[in-house]
Amino acid sequence: MSATFDHLAEVLDRIANTSSRNRKLGVLADWLSALPDADLERGARFLCGEPVAGTGDRKLSIGHSILREAAVAATGFPIELFRLCHREVGDTSETIALLMEGKSAGESLSLAEAEQAYLRLFAERKTALKVELLQGMLERMRPKTTKYFLKVITGNFRIGMQQKLVEDALARATGAKLAEVRDAANRTGDLAQVARAARAGTLAALEMKLFHPLEFMLARPLDDVEDLVEPESWWVEDKYDGIRSQVHTDGGKVRIFTRGMEDTTAAFPDVVEALVGLPGSAVVDGELLAWREGRALNFTVLQQRLARKKVDASLIDKVPVVFVAYDLLYRDGALLLDAAIETRRQKLESLFEGVGLPLMVSRQWRLSSREALEDTFTGARIRGNEGLLLKKTGSLYESAKRSAEWLKVKRPYGTLDVVVTAAEQGSGRRATLLSDYTFAVKDGERFLNVGKAYSGLTDDEIRELTRLLRSISKERFGRVTLVEPKVVLEVAFDGVQKSPRHKCGYALRFPRIVRWRKDKEASEIDGLERVRELYERSLA
Amino acid sequence: MDLQYSSDGIHVRELDLWLDPQISKPTAWISHAHSDHARGYSKTLIGTPATLELYRMRWPEDSDQPQRLIALEYEQSLDWHGAKLTCYPAGHILGAAQLLVEFGGQRLVYTGDIKLKAPLCGAATEIVPCDRLILESTFGLPIYHFLSRDEARDEIVNFARECLEEGATPAFLGYPLGRGQEVAYALGQAGIPLAVHGAIAKFLPDYERAGYSVPGWEPLDSKQVQGKAVVVVPGMRRLLEATGKDIRIAYVSGWARLDNARLRAGAEKLIPYSDHCSYAELIEMVSATGARHVDVIHGYTEAFAGILRERGIHAEAPAYARSRASEEEGVAQE
């Protein structure tokens with residue numbers, strides 16, 4: 001018996017209708033474990049919003065207008081009515097599913113049939129024929145199924161189901177170890193394949209695949225130098241203020257991925273050109289920086305490269321970029337995550353031997369003592385970098401982990417006393433609390449928003465603050481509550497930049513809450529002139 | 001019949017009869033007791049006994065504004081200035097009624113807010129054949145489909161049980177008159193311990209007298225919600241959440257048909273059950289009454305009138321503004 005997409009749609013509906021991660025996990029694991037072998041792979045793939053396997057960069061090429069056309073044809077409703085409905089619903093797949101109610105044959109759809117349909121849609125290059133195929137599907141299947149059948153195509157379920165939850169469910173459903181499932185998913189970037197191997201007990205045999213981003217290893221902040229244990233057993237590098245990036249190369253093919261797992265290759269043709277020359281195959285962890293005359297430029301300068309769709313010679317000239325390599329995760333067929341940092345470093349240096357700008361290898365040296373840290377830090381700041389990164393000797397590359405083996409040493413650029421003007425509901429555990437705060441500085445009698453922060457307070461403080469903010473709420477727009485400007489916070493941040501996003505014309509970088517200043521009133525907070533001053537300082 | 005639409009309400013000129021007027025008039029028919037339909041101190045008020053009773057709770061007797069209340073039971077008729085007025089169930093809330101006006105050889109039906117399928121609490125609606133129909137279209141777009149009362153009851157009860165099993169507190173948001181009592185009735189009948197917010201509890205005796213008893217409910221104390229389901233008005237949500245307890249919110253409403261209601265209402269569980277007609281029920285109403293002329297007066301009026309015209313019915317969306325959004329809509333805009 002083949003499993004049905006109808007059942008999958010029910011499962012996804014149940015996941016959408018609970019905030020309990022445990023319940024989501026249970027529902028998903030039950031479904032996965034009952035899938036016959038033949039369906040497990042496609043089931044897992046659909047959960048990732050991937051309709052067809054192994055299509056590389058080619059997409060299904062089905063957007064809103066094709067979906068709308070198919071829906072109009074299948075329902076017979078005029079397009080204006082479709083538009084009105086879509087405006088109310090806000091999601092194309094959901095709109096179409098609702099409009100198909102009572103208008104389809106209501107036939108069951110197996111996972112295999114769904115895959116066949118996706119493949120046909122993928123193979124068909126003509127828009128009119130894609131529409132016709134889709135129309136046929138809409139008229140056939142149950143509307144409740146339609147909603148998720150289409151969401152697999154548009155690739156966004158928006159039901160609170162992250163990849164980690166799917167990995168958890170796969171482990172639970174197959175009895176495989178969670179760490180092994182995660183490792184395999186990281187290596188292959190292919191949850192369908194992982195699902196099959198997890199059930200067969202062959203996860204270890206899955207080989208690394210290039211050109212999908214591996215999870216990054218992250219550093220923990222070291223707030224107090226005194227907290228550093230065994231100061232003599234750390235490698236030190238400058239901490240750059242650029243775009244953390246992962247480079248994949250293999251015989252002339254190059255891809256650059258960001259931490260958000262986005263492909264930014266197109267924005268950096270100058271760097272790509274240099275990377276093409278690297279021998280063999282490799283995955284390199286590093287940072288993209290705007291660079292001129294031997295030092296890094298402000299992060300805002302680099303952003304101009306990302307903002308553009310097309311990067312031409314004049315932009316490259318205006319914003320020259322370098323790639324600073326600092327770790328090697330893969331080399332010529334061998335995954336190096338479990339190799340010691342010293343081994344990875346040595347292979348990295350040999351890979352980059354003899355290359356010049358725009359490629360560099362981050363300078364690395366051994367910390368001599370706790371006392372030396374202060375001078376080293378100042379040196380990094382003088383070089384235009386953000387601070388330091390300490391990497392433990394002998395450490396492994398822990399994908400997806402904020403590890404204690406990597407420590408970042410940063411100093412806040414400054415702090416400001418600000419007042420909260422709006423608060424937003426958090427998510428997950430904080431879903432019922434107001435945990436994201438928009439804050440403002442003073443400008444004469446007015447308050448001008450300058451940023452938003454959501455970390456730094458304890459749960460108890462957030463709860464107390466939530467109660468207080470609700471009592472001074474002025475107006476509400478969905479998740480956002482506007483409040484009387486009464487609550488004063490001290491926020492730290494890493495820089496000030498010009499920004500049209502806020503009324504005051506500036507934005508703070510990485511603002512975080514240092515403390516709730518119950519002792520201060522709104523009249524005592526910092527003014528716009530202080531923000532302007534800090535901005536000027538950053539230019540100097 | 002000469003119907004005039006204005007911001008005061010709908011006026012049947014020949015009979016000097018106002019339908020759900022927004023301000024005090026000489027004579028008014030009130031279709032049900034929601035505050036956007038039953039308001040002010042009209043001199044003569046006609047309505048079902050339940051509606052008049054609920055109306056009195058919100059608009060108590062005032063010696064400066066003497067009134068005559070005329071109670072009309074379902075299926076009962078009244079002669080009025082040469083016309084015959086007959087009242088039929090509308091299913092919307094307790095006491096809700098449609099009015100059939102027979103005059104000069106014409107049959108006019110004013111639905112008020114109406115639900116065609118049987119509600120959890122209340123009489124099943126009747127289709128009243130007529131020439132002209134004044135119909136509300138709160139959910140007059142083809143995206144609105146609702147659960148039946150049995151499906152809704154199961155969803156409500158199952159959600160409550162699941163939450164309680166996990167040590168969490170299920171909270172149901174409902175506006176004070178109608179939805180709140182229906183949810184309480186479903187929970188009470190299933191034997192689930194429940195606490196009801198005062199604004200909703202106030203009307204529970206009326207529902208109990210009408211035969212919808214809610215066993216074992218107690219007044220809400222927001223400090224003691226463990227082990228119970230709670231039924232509250234939407235404004236109470238923040239207070240409940242501020243207790244720091246594991247509160248799981250369910251939103252029972254027609255608007256819960258759309259996933260975006262999850263964010264708008266701050267709920268995790270959506271139960272699309274309404275006390276209005278779904279789109280399909282509206283279409284069914286129009287066709288079953290046989291009306292050739294339909295005035296669409298609330299909600300997606302232009303769009304729904306357009307849909308009816310496509311079907312060869314003379315339909316209009318007369319310019320007409322009710323002073324306030326209906327109670328149910330207020331929840332959606334929360």
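All of (1) under 29 Å from the mean Cα position of the chain (by Cα); (2) open to solvent by less than 30 Å² (accessible area, probe 1.4 Å); (3) closer than 20 Å to A:ALA114 by Cβ hold for A:ASN156 with one exception: (2). Of everything in the stretch B:131-172 that is assigned to a loop (DSSP other than H, G, I, E, B) and open to solvent by 10 Å² or more (accessible area, probe 1.4 Å), the residue that is farthest from the other protein chains (Cβ to nearest Cβ) is B:ASP131.
Of the residues making up the stretch B:268-292, just one is surrounded by fewer than 21 Cβ atoms within 10 Å (Cβ to Cβ), away from chain A (no Cβ under 14 Å) and under 17 Å from B:ALA118 (Cβ atoms), namely B:ALA288. When the residues of the stretch A:487-503 are filtered to those that are in contact with an Asp or Glu (Cβ under 8 Å, 6 or more places away or on another chain) and surrounded by fewer than 20 Cβ atoms within 10 Å (Cβ to Cβ), the one that is nearest to the other protein chains (Cβ to nearest Cβ) is A:GLU490. Of all residues in the stretch A:68-89, exactly one satisfies the criterion of being open to solvent by 50 Å² or more (accessible area, probe 1.4 Å) and at the interface with chain B (Cβ under 7 Å from one of its Cβ atoms), namely A:GLU88. Is it the case that the stretch A:253-267 has a residue that's in a helix (DSSP H, G or I), assigned by TED's automatic domain parsing to the domain that holds A:LEU328 and surrounded by 15 or more Cβ atoms within 10 Å (Cβ to Cβ)? There is at least one residue in the stretch A:253-267 that is in a helix (DSSP H, G or I), assigned by TED's automatic domain parsing to the domain that holds A:LEU328 and surrounded by 15 or more Cβ atoms within 10 Å (Cβ to Cβ). Among the conditions (1) surrounded by fewer than 18 Cβ atoms within 10 Å (Cβ to Cβ); (2) free of Cβ contacts under 8 Å to residues at least 40 places away in the same chain; (3) more than 10 Å from chain B (Cβ to nearest Cβ), A:ALA117 misses just one, which is (1).
Among B:ASP8, B:ASP64, B:ASP16, which is open to solvent by 10 Å² or more (accessible area, probe 1.4 Å) and either of a type in the set (Val, Ile, Thr) or touching a His at 6+ places or on another chain (Cβ under 9 Å) (or both)? Answer to the check: B:ASP16. For the stretch A:29-47, which residues satisfy the criterion of being of a type in the set (D, E, K, R) and open to solvent by 10 Å² or more (accessible area, probe 1.4 Å)? Residues satisfying the conditions are A:ASP30, A:ASP37, A:GLU41, A:ARG42, A:ARG45.
Scanning the stretch A:448-483 for residues that are within 14 Å of A:ALA422 (Cα to Cα), open to solvent by 70 Å² or more (accessible area, probe 1.4 Å) and not hydroxyl-bearing (Ser, Thr, Tyr), we see that the one that is nearest to the other protein chains (Cβ to nearest Cβ) is A:ARG467. Of all residues in the stretch A:183-220, those satisfying the criterion of being open to solvent by 80 Å² or more (accessible area, probe 1.4 Å) and in contact (Cβ under 8 Å) with a residue 40 or more places away in the chain are A:ASP183, A:ARG196, A:ARG220. Can you confirm whether A:GLU107 is at pLDDT 95 or above and among the acidic types (Asp, Glu)? In short, yes. Quick test of your reading of the structure: A:LEU534 fulfils all but one of (1) open to solvent by 40 Å² or more (accessible area, probe 1.4 Å); (2) part of a helix (DSSP H, G or I); (3) more than 27 Å from A:SER427 (Cβ to Cβ). Name the failing condition by number. Status for A:LEU534: all satisfied but (1). Any residue in the stretch A:224-237 that is out of contact with any His (no Cβ under 6 Å at 6 or more places or on another chain), within 21 Å of A:ALA184 (Cα to Cα) and of a type in the set (Ser, Thr, Tyr)? Scanning the stretch A:224-237 turns up no residue that is out of contact with any His (no Cβ under 6 Å at 6 or more places or on another chain), within 21 Å of A:ALA184 (Cα to Cα) and of a type in the set (Ser, Thr, Tyr). One residue alone among B:PRO193, B:PRO205, B:PRO215 is open to solvent by 40 Å² or more (accessible area, probe 1.4 Å) and free of Cβ contacts under 8 Å to residues at least 24 places away in the same chain, and that residue is B:PRO205.
Just to be sure before I move on: is B:GLU316 open to solvent by 30 Å² or more (accessible area, probe 1.4 Å), farther than 30 Å from A:ASP13 by Cβ and within 11 Å of another protein chain (Cβ to nearest Cβ) in the structure I sent? For B:GLU316, the condition - open to solvent by 30 Å² or more (accessible area, probe 1.4 Å), farther than 30 Å from A:ASP13 by Cβ and within 11 Å of another protein chain (Cβ to nearest Cβ) - is not met. Just one of the listed residues (B:ASP221, B:ASP206) is acidic (Asp, Glu) and in contact with a helix residue (DSSP H, G or I) (Cβ under 7 Å, 6 or more places away or on another chain), namely B:ASP206. In the stretch A:276-306, the qualifying residues are those that are of a type in the set (Gly, Ala, Ser) and surrounded by fewer than 21 Cβ atoms within 10 Å (Cβ to Cβ), and the one that is modelled with the highest pLDDT is A:SER281. Please tell me if A:VAL89 is among the hydrophobic types (A, V, I, L, M, F, W, C) and closer than 26 Å to B:ALA256 by Cα. Yes; evaluated as a whole, the condition is true for this residue. Assessment of the stretch A:122-136 against the conditions (at the interface with another protein chain (Cβ under 10 Å from one of its Cβ atoms), part of a helix (DSSP H, G or I) and out of contact with any strand residue (DSSP E or B) (no Cβ under 9 Å at 6 or more places or on another chain)) yields no matching residue. Please verify whether A:ARG172 is open to solvent by 10 Å² or more (accessible area, probe 1.4 Å), of a type outside the set (Phe, Trp, Tyr) and under 20 Å from A:ARG42 (Cβ atoms), treating the condition exactly as stated. So A:ARG172 passes the test. Scanning the stretch B:101-130 for residues that are touching a Gly at 6+ places or on another chain (Cβ under 9 Å), over 12 Å from B:TYR88 (Cα atoms) and open to solvent by 30 Å² or more (accessible area, probe 1.4 Å) yields a count of 4. Given the criteria under 24 Å from the mean Cα position of the chain (by Cα), closer than 26 Å to B:ASN260 by Cα and touching a residue at least 40 places away in the same chain (Cβ under 8 Å), does A:ALA453 qualify? Yes; evaluated as a whole, the condition is true for this residue.
Residue-by-condition table, conditions (1) modelled with pLDDT of 85 or more; (2) within 25 Å of A:GLY387 (Cα to Cα); (3) part of a strand (DSSP E or B); (4) not assigned by TED's automatic domain parsing to the domain that holds A:THR438:
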site	(1), (2), (3), (4)
A:PRO485	yes, no, no, no
A:VAL491	yes, yes, yes, no
A:PRO500	no, no, no, no
A:LYS503	no, no, no, no
A:VAL514	no, yes, yes, no
A:ASP519	no, no, no, no
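Checked against the criterion of being more than 30 Å from A:THR458 (Cβ to Cβ), within 14 Å of another protein chain (Cβ to nearest Cβ) and not in a loop (DSSP other than H, G, I, E, B), the candidates B:ALA256, B:ALA250 yield just one match: B:ALA256.
The values are calculated or read from the model by the stated rules, or taken from the named source; none is laboratory data. Since the model is a prediction, treat every value here as computed from it, not as a measurement. Cβ sites come from the backbone with ideal geometry, for glycine too, and all protein chains shown count toward neighbours. Surface areas here come from the heavy atoms of the whole protein model, side chains and all, with no ligands, DNA or RNA. Shrake-Rupley method; radii C 1.70, N 1.55, O 1.52, S 1.80 Å.
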